[in-house]
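For reference, the structure discussed in these notes is given below.
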Amino acid sequence: MEHSMHALNMYQRKGPLTLDGFKGSGADFLDRYKPFIEDGQTVITSPHKIYGPEANDLVLQLRKQGITRIILAGMSGNLCVESHMRELIEQGFEVAVVHDATASGKMNDLDGDKAAKINFRMIASASWPTNEAVEKMKSMN
């Protein structure tokens, strides 16, 4: 799976502190999400190296902002999302995963999506469908 992600240039950046060559690359944000990501309120950390946030500054950035509750979604649910969930919980954060807003690979008889969704329910503070996560976020404002 890791080799496939690198072949797609999913995490290619010239360096952790530069966005040179980022726009339009395989690592760029999807256009439909840019208004939310580039809203001036979203904290962007340096990219993670393999699966979890241990090698980047995510925990530091969250703590600097006073954030204790996290909602996770994204690609590679059984690898990146689950690894982030586990480490953030170990670091003392309350973590909810939006289980229908994750994707995982399937290879041969291995179903990463099924494995991830089982672990989300067993480990996360909560596991919500997208519509429930959106309603909860609306009620927080």
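The values are calculated or read from the model by the stated rules, or taken from the named source; none is laboratory data. Keep in mind it's a predicted model, so treat the numbers as computed, not measured. As a convention, Cβ positions derive from the backbone with ideal geometry for all residues, glycine included, and neighbour counts pool all protein chains shown.
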Worksheet item: Do we find that Leu30 is loosely packed, with under 15 Cβ neighbours inside 10 Å and closer than 26 Å to Ala7 by Cα in this structure?
Response: yes
Worksheet entry | Residue check for Asn131: of a type in the set (S, T, N, Q), touching a Ser or Thr at 6+ places or on another chain (Cβ under 8 Å) and part of a helix (DSSP H, G or I) | no
Worksheet item: Quick one: what pairs do we get from region 53-64, first residue part of a helix (DSSP H, G or I), second of a type in the set (Lys, Arg), C-beta under 6 Å, 6+ apart or different chains?
Response: Ala55/Lys49
Worksheet entry | Cβ pairs under 8 Å, 6+ apart, first in region 129-141 and loosely packed, with under 10 Cβ neighbours inside 10 Å, second modelled with pLDDT of 90 or more and not in a helix (DSSP H, G or I) | none
Discussion item. Report every pair of residues separated by at least 6 positions or lying on different chains whose Cβ atoms are under 6 Å apart, first residue within region 101-117 and charged (D, E, K, R), second surrounded by 15 or more Cβ atoms within 10 Å (Cβ to Cβ).
Written reply: Asp113/Ser104; Lys117/His99
Worksheet item: Is it true that some residue in region 27-41 is assigned by TED's automatic domain parsing to the domain that holds Ser4 and touching a residue at least 12 places away in the same chain (Cβ under 8 Å)?
Response: yes
Discussion item. Scan region 109-117 and tell me whether some residue there is at pLDDT 90 or above, within 16 Å of Pro53 (Cβ to Cβ) and not in a helix (DSSP H, G or I).
Written reply: no
Discussion item. Suppose we filter region 115-128 for residues that are surrounded by fewer than 13 Cβ atoms within 10 Å (Cβ to Cβ) and basic (Lys, Arg); how many remain?
Written reply: 1
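The rows are residues; the columns are (1) in contact with a Lys or Arg (Cβ under 9 Å, 6 or more places away or on another chain); (2) at pLDDT below 90; (3) in a helix (DSSP H, G or I); (4) of a type in the set (Gly, Ala, Ser).
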{"residue": "Met5", "(1), (2), (3), (4)": "no, yes, yes, no"}
{"residue": "Leu17", "(1), (2), (3), (4)": "no, yes, no, no"}
{"residue": "Gly21", "(1), (2), (3), (4)": "yes, yes, no, yes"}
{"residue": "Tyr33", "(1), (2), (3), (4)": "no, yes, yes, no"}
{"residue": "Asp39", "(1), (2), (3), (4)": "no, yes, no, no"}
{"residue": "His48", "(1), (2), (3), (4)": "no, yes, no, no"}
{"residue": "Ala96", "(1), (2), (3), (4)": "yes, no, no, yes"}
